[in-house]
Structure formats: C-alpha cells, structure tokens
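Here's the structure we're looking at; comments come further down.
The values are calculated or read from the model by the stated rules, or taken from the named source; none is laboratory data. This is a predicted model, so every value here is computed, not measured. Counting neighbours? That spans all protein chains shown, and the Cβs are built from the backbone with ideal geometry, glycine included.
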Amino acid sequence: MKSKFKSKKISFFNFEILDRIIFILISLSIIFMISFTLILPIFVNFTLQNSLSSLTQSHSIEDSPQHFNLNSTQVSQAQKNIINYYILSEELSSQFFSEFEIVHYKDVKQILLISSSIYILFLIIVIYFLLFQKSLFNTYNIKIIFKISLSILILCIPCIIFFEYFWRNIFHSILFKEDSFQILQPQYISYYIYSEQFFLIIVGGVLLIQILLFSTIFLYFKYIKK
C-alpha cells in the first residue's frame, strides 16, 4: 500500500484514523526509545556512584533499626549486588536483602526485560518507516510528530508534580504486586539505597530533557529551517 502522507499543510485532525495512529505510534516510539536510553545509564551510574549522596539520600544509616547494624560498606556492597544482578545475572544476596525485596527486584528485572523487548519493537517500527515510508518524513509531518511528542510529555508533568501519589498508587499498582513499594521502609536495606527522591530526580530529569529536546527541534523546524 502506498503511503498517504503526500498531502500539503493540513491539520493533523484531517488525516485519516490510520494516519493519526501512525503519527502517534512513531511519537510514542521516539519518546520511549529516548527515555529507555537515558534512564538505564543514569540509574546504573547513580547507583554505582553512591546514589546515597546528599542529593538523593533522605534516610540516614544512623537512624536504621539497631538489629541492622548497617554501615556504608554494606550499603555499597548491596548496591553493587543489585547492579550485578541486573547486568551479570548474579544472585541477590540474602545477607543484604530480605525475601520480600528479592521478589520485588525479580519483578523489576522482568519489567526491564519487557521494556527491552518494547524498545527493540519500537526501534524496528521507526527503522521501517524511515526505510519504507520515506514520504512520511517531510518537514511538515516531522513537525506534527514533534507536536504530538511534546503534547504527550507535557501531559506527563502532573506525574512529577504529584510524584508520591503517582509512584505509590499508579506506577506500583499497575506494574508490581500489592504493597511492593513498601521495600522503602526502615526495616529493609533498600530504604537506605534508594529513596523516592532518587526516582523523582531520574524521572523528572528524563522528562525535562525530553521536553527541552522536542521543544528545541520543534522551534528549529518552525522558526529557523525554511
């Protein structure tokens, strides 16, 4: 079937339903690919480079329950154990993590595998359109894609403003078993490795970077490139 994207400057809402779906699919693909590419190295880097810095650490080891006897060395070893678990398939140590935490991190790893599969699928979609639907990528249609992408990202801003509610009642409720966010409680070492502020910085930072990126590209096409 030949591409239908040869029309001149017309409203996005004048496109046929299939055409709109294609625009939205490409926009979501680009957003997800950029997010996944940014989040993983930032997450790994923050964790390995002591994510318990003054910037992200809101839970003092000194305030941990007495039976924990935590120290910074143990926390650092636990951090590296998590990273090796994700990257090298090293088993999580029961010396550091409770059974509840181990189950949660297994769920996280499963979600990462699914996310990786989605990443590859979206990559294939974008490559397909770039190779076989070249007429789609004229200046006007690219502006439409970036408008849609920017709109989607702006709609995500309330998730940052109401991050605690989003993190506990939406994100974890959809993706994890009930009460899995409770690993961020004083009786678990994960509480001293990660805080909600840690995830807020990562998610908020990635969202901000994407908004700036798409805004810059959109302004380039709108006001600079003729």
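Quick notes on this one:
- Subset of segment 72-85 [surrounded by 12 or more Cβ atoms within 10 Å (Cβ to Cβ) and free of Cβ contacts under 8 Å to residues at least 40 places away in the same chain]: 76, 77, 80, 81, 83, 84, 85
- Look at (1) surrounded by fewer than 13 Cβ atoms within 10 Å (Cβ to Cβ); (2) within 16 Å of the chain's Cα centre (by Cα); (3) modelled with pLDDT under 85 and you find that residue 158 fails only one, number (3).
- Screening the candidates 175, 136 for the property of being surrounded by fewer than 16 Cβ atoms within 10 Å (Cβ to Cβ) and of a type outside the set (Lys, Arg) yields one hit, 175.
- Residue match in segment 204-214 (condition: in contact (Cβ under 8 Å) with a residue 12 or more places away in the chain, under 20 Å from residue 42 (Cβ atoms), in contact with a Gly (Cβ under 9 Å, 6 or more places away or on another chain) and assigned to a helix (DSSP H, G or I)): no
- Among residues of segment 11-61, those that are modelled with pLDDT under 85, touching a helix residue (DSSP H, G or I) at 6+ places or on another chain (Cβ under 9 Å), within 30 Å of residue 75 (Cα to Cα) and assigned to a helix (DSSP H, G or I), counted: 8
- Listed conditions (1) modelled with pLDDT under 85; (2) farther than 26 Å from residue 16 by Cβ; (3) in a helix (DSSP H, G or I) are all met by residue 186, apart from (3).
- Restricting attention to segment 136-186, the residues that are touching a Lys or Arg at 6+ places or on another chain (Cβ under 6 Å) and farther than 24 Å from residue 108 by Cα total 1.
- Residues located in segment 86-114, provided they are in contact (Cβ under 8 Å) with a residue 40 or more places away in the chain and acidic (Asp, Glu): 101, 107
- Residue 193 vs. criteria over 30 Å from residue 221 (Cα atoms) and either buried (at least 19 other Cβ atoms within 10 Å of the Cβ) or basic (Lys, Arg) (or both): yes
- Top-ranked residue in segment 135-167 [being of a type outside the set (Gly, Ala, Ser), without any contact (Cβ under 8 Å) to a residue 24 or more places away in the chain and in a helix (DSSP H, G or I); ranked as nearest to residue 32 (Cα to Cα)]: 155
- Number of the exception - residue 145 against (1) modelled with pLDDT of 85 or more; (2) of a type in the set (A, V, I, L, M); (3) closer than 30 Å to residue 80 by Cβ: (3)
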